[in-house]
Amino acid sequence: MNKLLEKMKSSKALPYLLMLTVICAGVFLLLPSGPASTAMTEEESRISRALSAIEGAGETRIVLHYREESGTLSGGRKVPDGAVIVSRGAGNMVVRLRLMEAAQALLGLDAGSIAVFPMEEEK
């Protein structure tokens, strides 16, 4: 067991495995817990259209995760606290960064709350 741990610590793949684990956990947490729905909300549609207009992005969709804001002034309104973006152009790092920056600006989220993935090619 100790040999396996030492080998893992010296492996160059460890950071990639950790990053993949974090991304998978984030996607899992953003999945709806109720019945699956493919319909986008009005806000998701509006943001998807804006993100699709970014040069090189192509077809783009966003799924938002909300939390209920507590406090006497907010009245329990829901605010976005996470986003997953899927875009045809997200394979290009420049496009991916532009999508991330636009989502941060539109939603007021930090980069750690947004995941951007390339869209599967149509067959």
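Averaging sequence separations of C-alpha pairs under 8 Å and six or more residues apart, then dividing by the length of segment 40-123, give the relative contact order as a whole percent. Mind dumping the intermediate values first?
Working: 139 pairs, mean separation 23.0, N = 84.
Relative contact order, segment 40-123: 27 percent.
Work out, in µm²/s and without decimals, the Stokes-Einstein translational diffusion coefficient of segment 34-123 at 25 °C, 0.890 mPa s, Rh from Kirkwood over C-alpha pairs. Each step should come with its number before you reach the end.
On the way: Rh = 13.8 Å.
My calculation gives 178 µm²/s for D.
List every residue whose amide H lies under 5 Å from the amide H of G82, counting only residues 5 or more places away in sequence or on a different chain, with H placed 1.01 Å from N in the peptide plane.
H65
Read the figures in this text as sums done on the coordinates, not as results from a lab. Small disclaimer: the values here were computed from a predicted structure and weren't measured.
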